[in-house]
Amino acid sequence: MSVITLPERACMADYQRYIHELEAMHGWLEVDLVHNGFLMTEEVGELFKAIRNYEKLFRECKGDDGQPAEQTPDEDTLREQARSEAADEIADVLNYLLAIANRLDIDVERAFRRKNSNNQRRRWA
């Protein structure tokens, strides 16, 4: 299996190209838009679980092995663990978002710039 690389200072097109190559390598290019949407939604749920833990709302304590912790770690450790999990889930959500954009042949950077240019001109209450 070949290694796919992403430039250190990648632009959004590089990220889209990377996701396309990753999906091709794993045979996922045939996964349709609806299923990619379902999978992304699952990752969004996992992101908000990490956010819930970060915000100390019904927090779940896990040990290094991912199993329930026998002792509750200190507050700083719990928050850092939740922040790290949130970072991983944000990356997963971005992966699916880019896969969806690729299937729709959307240049994400161009769409981002256009939409945010429009948003700057809008009046917000």
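Assorted remarks:
- Per-residue ellipticity at 222 nm from helix content only, as computed over the chain with -39500 (n - 2.57) for each DSSP H run of at least four residues, stands at -22000 deg cm²/dmol.
- By the beta-carbon count within 10 Å of each Cβ, the least crowded to most crowded order of 90, 100, fewest first, is 90, 100.
- Estimated from the Cβ-Cβ distance and a Förster radius of 25 angstrom, the FRET efficiency linking residue 72 and residue 1 is about 0.05.
- Exposure proxy shown here: for 25, 1, the number of other Cβ atoms within 10 Å sets the order, fewest to most, as 1, 25.
- Listed by Cβ neighbour count within 10 Å, with the fewest neighbours leading, 124, 28 appear as 124, 28.
- What the Cα convex hull of the chain gives, in volume per residue, is 183 Å³.
- Alpha carbon centroid spacing (whole Å) that separates region 18-53 from region 83-114: 9
Every number here is computed from the coordinates shown, using simple stated rules; none is lab data. Given the structure is predicted, the values throughout are model-derived calculations rather than measurements. Positions of Cβ are backbone-derived with ideal geometry, glycine not excepted, and every protein chain shown enters the neighbour counts.
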